[in-house]
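Structure record follows, encoded as structure tokens.
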Amino acid sequence: MTTQDLEGRVALVTGGGSGLGRSISLELAGRGAHVLVADIDADGAARTVEAVGAIGAAGGAEAVPLDVTDSAAVDEVVARAAAEHGARFDLLVNNAGTDRGADLTDVEDDQWHGVFAVNVHGPMYLGRAFVRHLRAAGASTGDIVCVVSISALTVGAGAGAYNASKAAMHKLAEVMQTESRERGWPARVSIIDPAAMATPMMDQWGLPPERMMDPAIVAGLVATAVTLPPEVVLQNVVVTLRNEYYPR
């Protein structure tokens, strides 16, 4: 099967300042894309850019401060990227996420709303702005990858906000896929549901190392999704370790 090349493409990766977002940024830049590393943590984004430079990635990277929960900030970042890169800016990875664990009887309103703001509102703001940009640029193809979570399919005590927000994000991504197909969006939409990975966000749960997947595996899947032939879409893939189980 022939795959597309990433050389010359410009990608916006949210949550790119650490963990999986850093791995995705390194993977895409290493394959030739120029990566806009977006994160509310400006220092983390800068460190990712340094890491991209350290491996001599062909595509290069630049840090983009961004709070994905701020729709005006999202519109501004997308507009700036569109002005600088035009139709070459054709790849969005909705990766930013947060998890503030608490039992439902203990969760505070700001915790609940904060998790939903990052995990659901952010991907909606970004997807909306990105598709509008592609249409205005006259682009014929583009990619949105929604990195959701296996937690969209499973439940766990103390993870109500995360489970519920990821389930909502998963349904939002499915709506994106439907509108892409039925409304003729100039972008295909891929969904990836990873199990637990060795990232800073997972530290709070204290899982043993043998249950932690290398985020580079998921980063490789993101690159696969956006280099498939344009008539093909990685509609939804669940990624787990072989010794893990999830209810089907």
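Computed from the coordinates by the stated procedures, all read-outs in this text should not be read as laboratory data. Everything numeric in this text was worked out from a predicted model, so none of it was measured. When we count neighbours, we look across all protein chains shown, and the Cβ atoms used for this are built from the backbone with ideal geometry, even at glycine.
What the table below lists for this structure:
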| read-out | value |
| --- | --- |
| Under 12 Å, Cβ to Cβ, from H34 - net charge with Lys/Arg +1 and Asp/Glu -1 | -1 |
| 5 angstrom amide H check on V64, placed H, neighbours 5+ away | V37, A38, D39 |
| Per-residue HN-Hα couplings for segment 102-114 [Karplus 6.51, -1.76, 1.60; θ = phi - 60°; Hz; x = Gly/Pro] | 5, 4, 4, 6, 10, 5, 8, 4, 5, 5, 4, 5, x |
| Under the Karplus curve 6.51 cos²θ - 1.76 cosθ + 1.60, θ = phi - 60°, whole-Hz ³J(HN,Hα) for segment 14-27, x wherever Gly or Pro sits | 7, x, x, x, 6, x, 4, x, 5, 4, 5, 4, 5, 5 |
| Cα-based shape type of the chain, given that a ≥ b ≥ c are square roots of the gyration tensor eigenvalues and the cut on a/c is 1.5 | rounded |
| For the chain, calculated [θ]222 nm from helices alone, where every DSSP H run of n ≥ 4 adds -39500 (n - 2.57) | -13000 deg cm²/dmol |
| Listed peptides 55-63, 229-237, 12-20, 117-125 by packing density, highest first (mean Cβ within 10 Å) | 12-20, 117-125, 55-63, 229-237 |
| Normalised alpha carbon radius of gyration of segment 76-192 [divisor 2.2 N^0.38 Å] | 1.17 |
| Burial ordering of V131, V107, fewest other beta-carbon atoms within 10 Å first | V107, V131 |
| Placed amide H near D90: partners under 5 Å, 5+ positions off or other chain | V10 |
| Net dipole in debye of segment 54-107 [+1 Lys, Arg Cβ; -1 Asp, Glu Cβ; about Cα centre; nearest 20] | 280 |
| Size of charge dipole - the chain - debye, nearest 20, with Cβ of Lys, Arg +1 and Asp, Glu -1, no other charges | 800 |
